[in-house]
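Data block below; observations after.
The values are calculated or read from the model by the stated rules, or taken from the named source; none is laboratory data. Remember, predicted model here, so these are calculated numbers, not experimental data. Please note: Cβ atoms are built from the backbone with ideal geometry, for glycine as well, and neighbour counts cover all protein chains shown.
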Amino acid sequence: MKKVLGIILALFVLIPVADAQRRYKDARSYYREFQAQTRKIGIKNMRYLEAVVKGDDARRINKYREMVVEQMKDSQRSLSRVGAYNGDDVLHREYMAALDLYLEAFEKDFGAAEELTANRYNSYEDLQKYFEAANKAELKMLDAAFKIEKAEDYFGKTYQVDLRRDTILRNKQILLDEVTVYTRELTSIYFRIDGELTALFNAIDANKGDTLAIIITNLRKAIRTAQGELKDIEPFEYDDALEDQLEYYMDEIDGSIDEDLRPMAESFQFKYQDSGDLEEAQAILADMKEWQKSSRAEYFETQAELIADYLEEAEY
């Protein structure tokens, strides 16, 4: 009885594959099964990555990520029933392996990046951890896409199939990648400086006067490093408003170090000085905190406008 049940179960497993062989004797119709899944995956991917670069709220980003994961799993189920083409499993095997990579990127690595999202602007180090997690996921996405493309190239060349790739979607992906990389580089530079300024304010609030001189020195070094990094960034021909915003921020802090920040820090460090000096230092601290807050808001507002305008006007 067990043997009979085993044969029946085996037949149920084999029937879809055998049926696939009958239905896909034409290479073009076989390829279209994969092409359809590629388009579905590509559209879902775009929605997620676009939400991330636009800085949508965490719930929406997570929703789009879950949609991508569900699409990957649905594509796996659909293509598992297709099988190899006349004994040639290259396209099927590589595509399924690519889906595993995609799933790992979205379930594990993008998931890890989302967990770091809330605190990413607390410090330069926190931001780098977030970017590293996102970069890791994006590299796996690229590997998966490359694996599919190479398998499709092989199939098209071997069976004389015209590969109808979605050039519109691909161009959108290129544009999205360009603005993502550009804004990510500028934001990294911004928070190299902003992180040191925050560290200075936190040290003052925590009465750690003995660390203030060191932080001031680190702040000046951060500005010099950031200035060099900004020069090395490939120009973004569409709009330089965000770079202008960053340069203004750097220049303002650089000019305030000797004029305001260092004297303020010394007043907090040596509290035995005249009480008037300490009151003035407290006023400067309050003003600087408010300026930092408004500058950050203005930077992100400029970034959001740049992203929206670029994606809209570049025939996105």
* Answer with yes or no whether Thr217 is among the hydroxyl-bearing types (Ser, Thr, Tyr) and either out of contact with any helix residue (DSSP H, G or I) (no Cβ under 6 Å at 6 or more places or on another chain) or touching a residue at least 12 places away in the same chain (Cβ under 8 Å) (or both). => yes
* Could you identify the single residue in Tyr190, Tyr238 that is surrounded by 14 or more Cβ atoms within 10 Å (Cβ to Cβ), in a loop (DSSP other than H, G, I, E, B) and at negative phi? => Tyr238
* Extreme residue, farthest from the chain's Cα centre (by Cα), among residues of segment 24-54 that are of a type in the set (Asp, Glu) and assigned to a helix (DSSP H, G or I) -> Glu33
* From Ser75, Ser29, which residue is under 26 Å from Tyr154 (Cβ atoms) and modelled with pLDDT under 95? -> Ser29
* Asked: Is it true that some residue in segment 250-267 is under 30 Å from Leu306 (Cβ atoms), out of contact with any His (no Cβ under 6 Å at 6 or more places or on another chain), hydroxyl-bearing (Ser, Thr, Tyr) and in a helix (DSSP H, G or I)?
  -> yes
* Which ones in segment 55-81 are among the basic types (Lys, Arg), in a helix (DSSP H, G or I) and surrounded by fewer than 16 Cβ atoms within 10 Å (Cβ to Cβ)? -> Arg59, Arg60, Lys63, Lys73, Arg77
* How many residues does segment 276-295 contain that are crowded, with 16+ Cβ neighbours inside 10 Å, touching a residue at least 40 places away in the same chain (Cβ under 8 Å) and either farther than 13 Å from Leu261 by Cα or of a type outside the set (A, V, I, L, M) (or both)? -> 2
* Please give the helices (runs of 4 or more DSSP H) falling wholly within segment 82-184 in which 2 or more residues are at pLDDT 95 or above. => 90-104, 124-159
* Considering segment 117-133 alone, what residues qualify as being within 12 Å of the chain's Cα centre (by Cα), without any contact (Cβ under 8 Å) to a residue 40 or more places away in the chain and surrounded by fewer than 18 Cβ atoms within 10 Å (Cβ to Cβ)? -> Lys129, Glu132
* **Extreme residue, surrounded by the fewest Cβ atoms within 10 Å (Cβ to Cβ), among residues of segment 134-150 that are among the small types (Gly, Ala, Ser) and over 22 Å from Ser188 (Cα atoms)** => Ala145
* Quick one: which residue in Ala308, Ala222 is of a type in the set (Gly, Ala, Ser), closer than 30 Å to Ile168 by Cβ and assigned to a helix (DSSP H, G or I)? => Ala308
* Inspect segment 287-298 for any residue being over 23 Å from Ile174 (Cα atoms), hydroxyl-bearing (Ser, Thr, Tyr) and in a helix (DSSP H, G or I) and give the result as yes or no. => yes
* Structure fact -> Ile253 passes all but one of the listed conditions (1) under 19 Å from Val181 (Cβ atoms); (2) among the β-branched types (Val, Ile, Thr); (3) buried (at least 18 other Cβ atoms within 10 Å of the Cβ); the exception is number (1)
* Asked: When both residues are 6+ apart or on different chains and their Cβ atoms are under 6 Å apart, which pairs have a first residue that lies in segment 170-188 and is within 15 Å of Glu305 (Cα to Cα), and a second that is β-branched (Val, Ile, Thr) and surrounded by 15 or more Cβ atoms within 10 Å (Cβ to Cβ)?
  -> Val179/Ile307; Thr180/Val53
